[in-house]
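Accompanying notes for the structure given below.
Since every read-out is calculated from the coordinates, none of them should be taken as a lab result. Note that this is a predicted model, so its numbers are computed, not measured. Cβ placement follows ideal geometry from the backbone for every residue including glycine, while neighbour counts extend to all protein chains displayed.
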Ligand SMILES: [Zn+2]
């Protein structure tokens, strides 16, 4: 795992430089956002130990297995840490792929939900709440219940897979050749994902921290370019 610091509060920990988790420093310890692929728990734990603060909370942006893969192992390692996820994606986390009443018909790619997690959230979270310094922002589309997190101290935005930053920034609706799976297979509802890209841009983040690829400082121009290139549905 490869750890990089971005401002005073945000640390990106990257597996194979592709699949990211984030550690956010708070006064009482660390908030871990996402848990990466299966087999990443030891490396994430080492990265947190290097920061010198305990993991207090484990938060998921969304319930795809490249984000919850090491949840069970991390929960076993720090059972006192809260586990927080949206109510909608908590169902995906336990392997329930049924649609909710009134929800658009989307694609829930089964490959991203196996094996389901055994860990159950301590509680579910929703837009408008705060997790320490982080404002919870609804970011549906890639999954129905994806969440983004805006750090109120410096406007760092951790956006899950709403945007992806491998070889340049793109919206998750765009099937780029270098990383086509999110758009072709892994995104639940593209019109919703496109609306989320606009919504996150309007937050005027100071840096953008995606699920895949490097953290982007001052991302406004790149977000605009990504939105202009993105299919709307
Ligand atoms: Zn992902």
Multiply the residue separation of residue 77 and residue 118 by 0.36 nm, subtract the distance between their alpha-carbon atoms, and state the gained length in nm to one decimal. 13.3 nm
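Applying 1/(1 + (r/R0)^6) with R0 = 22 Å to the Cβ-Cβ distance of residue 224 and residue 178, what FRET efficiency is obtained, to the nearest 0.05?
On the way: r = 20 Å, r/R0 = 0.93.
Using R0 = 22 Å, I get an efficiency of 0.60.
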Subtracting the Cα-Cα distance of residue 105 and residue 153 from 0.36 nm times their residue separation yields 13.6 nm
Percent antiparallel among DSSP beta bridges with both residues in the chain, to the nearest 5? 70 percent
With the Cα gyration tensor of the range 149-233 giving a ≥ b ≥ c as the square roots of its eigenvalues, does the rule (a/c under 1.5 for rounded; else a/b larger than b/c for prolate; else oblate) give rounded, prolate or oblate? prolate
Can you give the Kirkwood hydrodynamic radius for the range 1-139, in Å, rounded to one decimal and based on Cα pairs? 15.3 Å
Label the range 161-211 by shape, choosing from rounded, prolate and oblate, from the square roots a ≥ b ≥ c of the eigenvalues of the Cα gyration tensor; if a/c is under 1.5 it is rounded, and otherwise prolate applies when a/b is larger than b/c, oblate when it is not. oblate
Distance histogram for the chain (every C-alpha pair counted, 5 angstrom bins, percent rounded to whole numbers): 1, 7, 16, 21, 22, 17, 10, 4, 1, 0
